[in-house]
Amino acid sequence: MSRELLDRRTGNGRRVVVLMSEIMDGDFSVDQHASKLDRRRRVLRPGPWSWFRQVHGSDVLLVEEPGALSGQKADGAVTTQPGINLSIQIADCAPVALASPGGVAVVHAGWRGLSAGILEKASKKLSDVAPGPQLAVLGPCIHPCCYEFAAEELEDLELKFGYLARGKTRDGQLALDIPAVVRSILKTPLVVEFLEDDTCTGCDSRYWSYRVDGVEHRQTFVAWMEW
């Protein structure tokens with residue numbers, strides 16, 4: 001069953017909800033029969049969804065109508081309109097939602113996107129269209145216990161994010177600590193609250209993991225506002 005990661009009223013009275021699916025909810029990878037995928041989406045949240053093809057980049061789109069821009073290549077999306085379902089697909093990368101008094105954003109943050117500044121860009125874009133303090137929500141993602149990482153690439157990330165990027169796997173191999181990097185990036189005056197679901201997709205049997213199992217299936221992470 002899908003997990004509710006956030007259900008809260010923002011400063012202007014709008015309700016923001018963030019959900020993440022589990023294996024029991026089915027596969028949400030976008031390269032499958034559209035009718036099957038639509039049925040699964042409607043079970044979680046009725047109405048059109050705006051979904052995107054994640055490319056581990058830093059593009060953040062502004063969505064102004066329900067279902068708009070679906071299928072475009074992007075790793076982040078922002079809206080100021082109630083009733084718009086923003087979604088990303090996740091296997092191990094960090095799913096992040098940002099909420100301000102007048103808007104909401106979703107971000108797919110893998111190591112390449114983090115390095116390219118996807119979180120900073122999403123936070124700024126949300127601030128530009130919906131100013132005010134932001135709440136951040138980090139959903140289940142892979143943790144260093146399951147994320148062995150090449151030394152050279154890890155060194156590059158340490159130069160950018162500091163020592164906190166470095167972790168260790170269960171058997172003592174070098175690892176990337178994605179949750180720590182996300183926390184560090186979002187430790188800004190604009191983000192006044194940070195909520196984290198401390199679940200590793202590589203360890204928890206409720207989730208698919210590309211890194212651990214090599215599967216092509218995906219969870220979905222969806223956020224919306226309503227009055």
Being touching a residue at least 60 places away in the same chain (Cβ under 8 Å), surrounded by fewer than 23 Cβ atoms within 10 Å (Cβ to Cβ) and either assigned to a strand (DSSP E or B) or in contact with a helix residue (DSSP H, G or I) (Cβ under 6 Å, 6 or more places away or on another chain) (or both) narrows Q81, Q89 down to just Q89
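State whether the residues of region 126-137 include one that is closer than 21 Å to G202 by Cβ, among the β-branched types (V, I, T) and in a helix (DSSP H, G or I).
Restricting attention to region 126-137, the residues satisfying the condition of being closer than 21 Å to G202 by Cβ are 137.
Next, only the ones that are among the β-branched types (V, I, T) stay: 137.
Retained after the next criterion (residues that are in a helix (DSSP H, G or I)): none.
No, region 126-137 has no match at all.
Suppose we filter region 96-106 for residues that are outside any loop (DSSP other than H, G, I, E, B) and in contact with a Ser or Thr (Cβ under 9 Å, 6 or more places away or on another chain); how many remain? Walk me through it before giving the result.
Let us first name the residues in region 96-106 that are outside any loop (DSSP other than H, G, I, E, B), namely 96-100, 103-106.
Next, from what is left, pick out any that are in contact with a Ser or Thr (Cβ under 9 Å, 6 or more places away or on another chain): 98-100, 103-106.
Residues that pass the stated criteria total 7.
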Of the residues in region 199-225, those that are acidic (D, E) and at pLDDT below 95 come to D213, E216
Within the bounds of region 179-189, is there any residue that is β-branched (V, I, T), out of contact with any Phe, Trp or Tyr (no Cβ under 9 Å at 6 or more places or on another chain), in a loop (DSSP other than H, G, I, E, B) and in contact (Cβ under 8 Å) with a residue 60 or more places away in the chain? yes
Among (1) in a loop (DSSP other than H, G, I, E, B); (2) aliphatic (A, V, I, L, M); (3) in contact (Cβ under 8 Å) with a residue 24 or more places away in the chain, which single condition is L69 missing? (3)
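Could you pull out the residue among E64, E120 that is in a helix (DSSP H, G or I) and surrounded by fewer than 17 Cβ atoms within 10 Å (Cβ to Cβ)?
Values: E64 fails: in a helix (DSSP H, G or I).
Within the list E64, E120, the selection yields E120.
Looking only at region 1-16, which residues are in contact (Cβ under 8 Å) with a residue 60 or more places away in the chain and not in a strand (DSSP E or B)?
First, the residues of region 1-16 that are in contact (Cβ under 8 Å) with a residue 60 or more places away in the chain: 3, 5-6, 8, 10-16.
Those that are in contact (Cβ under 8 Å) with a residue 60 or more places away in the chain and not in a strand (DSSP E or B): T10, G11, N12, G13, R14.
For region 142-174, name all the residues that are assigned to a loop (DSSP other than H, G, I, E, B) and in contact (Cβ under 8 Å) with a residue 40 or more places away in the chain.
First, pick out the residues of region 142-174 that are assigned to a loop (DSSP other than H, G, I, E, B): 142-143, 147, 149-150, 162, 169-173.
Result: I142, H143, Y147.
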Can you tell me how many residues within region 15-36 are surrounded by 19 or more Cβ atoms within 10 Å (Cβ to Cβ), farther than 17 Å from H108 by Cβ and in contact with a Phe, Trp or Tyr (Cβ under 9 Å, 6 or more places away or on another chain)? 2
Tell me, which residue of region 42-61 that is buried (at least 17 other Cβ atoms within 10 Å of the Cβ) and hydrophobic (A, V, I, L, M, F, W, C) is farthest from L119 (Cα to Cα)? L44
Odd one out for W111 among (1) under 18 Å from A180 (Cβ atoms); (2) touching a His at 6+ places or on another chain (Cβ under 7 Å): (2)
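Residue check: is A94 in contact (Cβ under 8 Å) with a residue 24 or more places away in the chain, touching a Phe, Trp or Tyr at 6+ places or on another chain (Cβ under 8 Å), crowded, with 22+ Cβ neighbours inside 10 Å and under 19 Å from L190 (Cβ atoms)?
No; evaluated as a whole, the condition is false for this residue.
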Of the conditions (1) small (G, A, S); (2) closer than 29 Å to D128 by Cβ; (3) modelled with pLDDT under 95, A34 satisfies every one except a single condition; which number is it? (2)
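The values are calculated or read from the model by the stated rules, or taken from the named source; none is laboratory data. In this text, all values refer to a predicted model and were calculated from it rather than measured experimentally. FYI the Cβ positions are ideal-geometry reconstructions off the backbone, even for glycines, and counts take in every protein chain you see.
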